[in-house]
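See below for the structure under consideration.
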């Protein structure tokens, strides 16, 4: 997309409205204010009650239907979670392969493919939401908001002489601003300059943050994110910052390093006891497997190899004493040899 598209979208965000044409008539769909949002939840509650007493399904019943007709199962959610972890690893690889253009192109293609798979799995769970009380109430609330936010050029409520509400709703939904557009606007001018000046004056949009629209809040959030990147001591190359996939990979690497350091500090706090502070090995009891995995990652590659070797020996033997482990035997033999050598030197 060209720069004009991003500037047009920026000024849509600044004005808090979406331009909507019905034949030769120009209308504007405004973002709802606090008062309208507050009232919309009453509309939701009323629609929910009406749907419930008219016999519509509740969410739990919809899930039962999905499983009954094999449209969805918990396996789909687990598979989506699994794919999202694969995507995360690919983003890290993309970050580390940024200057290998051919390899990076292939990684991004794989990520796009997997992201589509995630959408397929996730969408199964919501394919019958329109039948539920929650779905009916959410749709009614959304339509009510659109009806009350469409205005003419002059700022007056539209009387619907032309067009219909459903078309306006579809147009609004199909023109939602995606993350990549927010990110492009947040890191480039003219918004970057507006942001730099506005945040110093604590007045980015000329109103309190509580009165900002959803899109304005999202743009501020992404702008703050890029501030943290530019200000980081480990800030990546500018070209990486401009690449959403690679920058995501950088964030993941930074997050993992932070989590590792945090966990290391927690472990350090556990071993402040002078009786164990100089021990070669320390065994820590964890509440669950996830905690055990995080603890395992703190070990260096050699220690991990030792742990895997011990697990394999125990699995093969079924029952094994600690002193019978191969690496422990080797350590004992080395210690005995060193002790004998010291005694031999001392006796000369």
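The values are calculated or read from the model by the stated rules, or taken from the named source; none is laboratory data. Because the structure is predicted, anything quoted here is derived from the model rather than measured. Note: ideal-geometry Cβ built from the backbone for every residue, glycine included; neighbour counts use all protein chains shown.
Before moving on, here are some points about what is shown:
- Criterion (assigned by TED's automatic domain parsing to the domain that holds residue 44, surrounded by 16 or more Cβ atoms within 10 Å (Cβ to Cβ) and touching a residue at least 24 places away in the same chain (Cβ under 8 Å)) met by exactly one of 87, 185, 111, 146: 146
- Annotation: of all residues in the stretch 53-66 being farther than 11 Å from residue 128 by Cβ and in a helix (DSSP H, G or I), the one that is farthest from the chain's Cα centre (by Cα) is 53.
- All of (1) over 17 Å from the mean Cα position of the chain (by Cα); (2) crowded, with 16+ Cβ neighbours inside 10 Å hold for residue 102 with one exception: (2).
- For the stretch 72-128, a residue qualifies if it is outside any helix (DSSP H, G or I) and more than 29 Å from residue 235 (Cα to Cα), and the qualifying residues are 72, 73, 125, 126, 127, 128.
- Residue check, residue 67 at pLDDT below 95 and more than 30 Å from residue 147 (Cα to Cα): no
- Among the residues of the stretch 117-143, just one is surrounded by fewer than 14 Cβ atoms within 10 Å (Cβ to Cβ), without any contact (Cβ under 8 Å) to a residue 60 or more places away in the chain and in contact with a helix residue (DSSP H, G or I) (Cβ under 8 Å, 6 or more places away or on another chain), namely 130.
- Residue within the stretch 220-229 that is surrounded by 12 or more Cβ atoms within 10 Å (Cβ to Cβ) and not in a helix (DSSP H, G or I) present: no
- Residue count for the stretch 11-52, restricted to those that are part of a helix (DSSP H, G or I), farther than 17 Å from residue 207 by Cα and touching a helix residue (DSSP H, G or I) at 6+ places or on another chain (Cβ under 7 Å): 8
- Any hit, the stretch 193-214, residues being within 23 Å of residue 36 (Cβ to Cβ), in contact (Cβ under 8 Å) with a residue 12 or more places away in the chain, surrounded by 13 or more Cβ atoms within 10 Å (Cβ to Cβ) and touching a strand residue (DSSP E or B) at 6+ places or on another chain (Cβ under 9 Å): yes
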